[in-house]
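The values are calculated or read from the model by the stated rules, or taken from the named source; none is laboratory data. Note that the coordinates shown come from a computational prediction; the quantities given were computed from them, not determined experimentally. Here the Cβ positions follow ideal geometry from the backbone for every residue, glycine too, while neighbour counts run over all protein chains shown. To get the accessible areas, we keep the full protein, side chains included, count just its heavy atoms, and leave off ligands, DNA and RNA. Shrake-Rupley method; radii C 1.70, N 1.55, O 1.52, S 1.80 Å.
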Amino acid sequence: MPAPYPLLDMPPGSIKNIHEYPAIHMAAVHNMFIQSINAIVAHAPTLPTNKLQPFMVFCFTVIDNIHHHHHIEETFLFPELEKKLGAGTLSRNFEEHADFVPQLDELKVYLQKVQTGELPYDGPLLVEKIHLFSDSMMLHLSHEIPTLEASRLKAVFTEKELKDIDSQGLSIALKTVSFYTSIPWGMVCANPATPWWVLRTDYMGLLIVFAADWACRFPPLPLPVKLATRWWFSRRYREAWEFGPLDLYGKPRQAEVEKP
């Protein structure tokens, strides 16, 4: 099935229920990746020559954040969950990464050669390379959600234990991403239909009350981070974020087809 791919449905429940939160959060993150793949495929065939370098930044950011997501899963999240779910209970999630990550790495090598001028840019070829792995990737993104089903987690984890895991995961994520690429990308590739109305404590211990509509949407970053991203961090590669389906306020962009 070629792109564009449909977004995942949100699992039942509420983000205010910490046992239901992990599956909902994972589905929302995965929808960012689906939005990103769809955006690359949509823009690639008609990319204007003067937009090549910003488009490369966008593509590299997508690939790097898929890897970053996998790294946190494999080194922190899944091992933490398996401490009580049982060793190996999430092994399928690990194993499925191998179904598409090698091709994703090959895509990055190809894009690096395009960026440096070693190879000419070829939009249809880029789409073809994405479709070599995207079906397997989409299956994985859907398979992973049920492994975090609420009743399964509730049977072995207390609310405090899951809240601590979530807080640690957010802290790790914010310490290991680029605020100039990962955070702007996350804001322009989220699903605008995913509300995130919740009071939470951010990684510095400050209670943030989300008031503005755009601030209440996924990703669930501390409000100061979202403000700084809109007004400062996004500026370094501003043209790159124009390839996302949303603007930095979380509003869908009007679809435009540019001539190369």
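Observations
- Exactly one residue out of Leu90, Leu77, Leu85 is in contact (Cβ under 8 Å) with a residue 12 or more places away in the chain and open to solvent by less than 10 Å² (accessible area, probe 1.4 Å), and it is Leu90.
- Applying the criterion of being loosely packed, with under 13 Cβ neighbours inside 10 Å and hydrophobic (A, V, I, L, M, F, W, C) to the residues of segment 93-110, the residue that is farthest from Pro2 (Cα to Cα) is Val109.
- Those residues of segment 59-106 which are of a type in the set (Val, Ile, Thr) and assigned to a loop (DSSP other than H, G, I, E, B), in sequence order: Thr89
- Exclusive hit being out of contact with any strand residue (DSSP E or B) (no Cβ under 7 Å at 6 or more places or on another chain) and either open to solvent by less than 30 Å² (accessible area, probe 1.4 Å) or modelled with pLDDT of 95 or more (or both), set Leu174, Leu206: Leu174
Conditions tested, residue by residue: (1) among the hydrophobic types (A, V, I, L, M, F, W, C); (2) modelled with pLDDT of 85 or more; (3) surrounded by 13 or more Cβ atoms within 10 Å (Cβ to Cβ).
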{"position": "Ala212", "(1), (2), (3)": "yes, no, no"}
{"position": "Pro222", "(1), (2), (3)": "no, no, yes"}
{"position": "Ser234", "(1), (2), (3)": "no, yes, yes"}
{"position": "Phe243", "(1), (2), (3)": "yes, yes, yes"}
{"position": "Pro252", "(1), (2), (3)": "no, yes, no"}
{"position": "Glu256", "(1), (2), (3)": "no, no, no"}
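- Qualifying positions in segment 109-140 - polar (S, T, N, Q), without any contact (Cβ under 8 Å) to a residue 60 or more places away in the chain and closer than 30 Å to Ala27 by Cα: Gln112, Ser136
- Flag for Lys113 being of a type outside the set (Asp, Glu), closer than 30 Å to Ala150 by Cβ and open to solvent by 60 Å² or more (accessible area, probe 1.4 Å): no
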